[in-house]
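**Q** Structure in structure tokens, see below.
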Amino acid sequence: MRQEADAARERIQPAGALADPMLRVELDNINNYGNGNQLSVLPWRVGETKYTIVQPLPAWGKRELRREVAEADAQRAEANAAATWSELAARIKVAYAQYYLAARNQRLVREIFELIAGLEKIAQARYAGGLVAQQDAIRAQVEQTAMRSELIALDSEQRQMRARINALLGREADAALADPASLRALPANPPAAEELARRALARNPALAAEEARIRSAERNRELTLRNRYPDFQVGVAPTQMRSRITSWGVMVEMNIPLQQESRRSQEREAEAMASAARSRSQALARQLLGEMGMNLAAIEAAQRSEALVTTQLLPQSELSLRSALAAYETGKVDFATLLDAQRQIRKAQQDRLKAQVEVQLRLAEIERILGEDL
């Protein structure tokens, strides 16, 4: 896209330049009738040679309008390149957040796996003492087997995300990639929703591309209207007889714009294209503002969910697990209650992790809309 933008910038100068002049050479009386010479096509050996140099001149204002159309197209190409990078950057951010989620889930499952292994030892010790049934130890082993299967799936997911990130970075799919250490830090003082909306309308590259499309369409419409006026060609024509120039002439040529119905159709087409560009820009602006509102609402909900899990649900789950473990060791609860307690704490940790990653995904979308990092 950047190379296409470079190509579009190079079209600006030719768009407003004059066309190359034309040279016409006319050889009259090449058979030398009346002067006794032989047939020839050499200018100094024919009866008369006329040279005409013609320069096309478009009607006033057309060159400037063509240059402005090319400038608007170049600006649109540059904005499209920026939009492409913004989209690619958002995909990289999303892939990294998902990579972090898979890695952290894998680490969390390993921690819970170790916890279940400890519970199995407790169940085996109590079974050896005749305090519980063998089923408790078997259930702990079944739980560990299920977690091993989950670890396989998480490892596959992590490798898939690694391949996706490498692809987005233009690297080999199996290139080495470090494990994600942490999520990106959130903005310390995030802008208000009104400020974000204003920045999105002012800086979104896709919207800038549509604004450039509007300028191009409007200049094309003006250029089409100028086609009502004729274009000219001016020229100078020296005439050669034998080896010297004997006379000079000048010429002016112009087209006659008689096909008015065709021009009116072209003008209506140009006006419709300009209207379509304006409508497309307005629709995109509304879409961007709608997406901004949705992502801000999702971030707020995810942050509230994370705060709830961190301050209430997770401490309660940890307390419930410790209480169930102590009660199981004294025979006051069964092993199923202990497994439910560890599942609750695992779910709370996963919910907090999902909320953190959800904030990152929504933040990446907001930055894509803005076309810049917060």
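**Q** Go over the candidates MET251, MET294 one by one and state the one that is of a type outside the set (D, E, K, R), under 45 Å from the mean Cα position of the chain (by Cα) and surrounded by fewer than 16 Cβ atoms within 10 Å (Cβ to Cβ).
**A** MET294 is the lone residue from the list that is of a type outside the set (D, E, K, R), under 45 Å from the mean Cα position of the chain (by Cα) and surrounded by fewer than 16 Cβ atoms within 10 Å (Cβ to Cβ).
**Q** Same structure, new question: Tell me, which residue of region 216-245 that is of a type outside the set (A, V, I, L, M, F, W, C) and assigned to a helix (DSSP H, G or I) is nearest to PRO43 (Cα to Cα)?
**A** ARG226
**Q** What's the number of the only condition in (1) modelled with pLDDT under 90; (2) within 25 Å of ALA208 (Cα to Cα); (3) among the basic types (Lys, Arg) that ARG45 fails to meet?
**A** It is condition (2) that ARG45 fails.
**Q** Any chance region 179-194 includes a residue that's part of a helix (DSSP H, G or I), touching a residue at least 60 places away in the same chain (Cβ under 8 Å) and in contact with a Lys or Arg (Cβ under 6 Å, 6 or more places away or on another chain)?
**A** no
**Q** Continuing with this model, one more query. Quick one: which residue in ALA200, ALA192, ALA188 is in contact with a helix residue (DSSP H, G or I) (Cβ under 6 Å, 6 or more places away or on another chain) and among the aliphatic types (A, V, I, L, M)?
**A** Result: ALA200 is the single residue among ALA200, ALA192, ALA188 that is in contact with a helix residue (DSSP H, G or I) (Cβ under 6 Å, 6 or more places away or on another chain) and among the aliphatic types (A, V, I, L, M).
**Q** Taking into account only those residues within region 46-70 that are touching a residue at least 60 places away in the same chain (Cβ under 8 Å) and in a helix (DSSP H, G or I), which is surrounded by the fewest Cβ atoms within 10 Å (Cβ to Cβ)?
**A** Among them, the one singled out is LYS62.
**Q** Do you know which residues across region 98-118 are farther than 19 Å from GLN160 by Cβ and hydrophobic (A, V, I, L, M, F, W, C)?
**A** ILE112, PHE113, LEU115, ILE116, ALA117 - these are the residues of region 98-118 that are farther than 19 Å from GLN160 by Cβ and hydrophobic (A, V, I, L, M, F, W, C).
**Q** Search region 198-210 for residues being touching a residue at least 24 places away in the same chain (Cβ under 8 Å) and surrounded by fewer than 19 Cβ atoms within 10 Å (Cβ to Cβ), and hand back the single one that is farthest from LEU374 (Cα to Cα).
**A** My answer is LEU201.
**Q** From the list ARG67, ARG76, ARG9, which one is in contact with a Ser or Thr (Cβ under 7 Å, 6 or more places away or on another chain) and over 30 Å from LEU151 (Cβ atoms)?
**A** When all the criteria are applied, what remains is ARG76.
**Q** Here's a follow-up. Output the residues belonging to region 193-210 that are of a type in the set (A, V, I, L, M) and closer than 9 Å to ALA82 by Cβ.
**A** The answer is ALA206, ALA208, ALA209.
**Q** Considering every residue within region 352-363, establish whether at least one is acidic (Asp, Glu), part of a helix (DSSP H, G or I) and touching a residue at least 40 places away in the same chain (Cβ under 8 Å).
**A** yes
**Q** Can we say ALA274 is at negative phi and in contact (Cβ under 8 Å) with a residue 60 or more places away in the chain?
**A** Considered against the rule, which asks whether it is at negative phi and in contact (Cβ under 8 Å) with a residue 60 or more places away in the chain, ALA274 comes out as yes.
**Q** Out of ALA137, ALA95, ALA146, I need the residue that is under 24 Å from GLU358 (Cβ atoms) and of a type outside the set (Val, Ile, Thr). Which one?
**A** Result: ALA95 is the single residue among ALA137, ALA95, ALA146 that is under 24 Å from GLU358 (Cβ atoms) and of a type outside the set (Val, Ile, Thr).
The values are calculated or read from the model by the stated rules, or taken from the named source; none is laboratory data. What you see is a predicted model, and the numbers here were worked out from it, not measured in a lab. All Cβ positions, glycine included, derive from the backbone under ideal geometry; neighbour counts span all protein chains shown.
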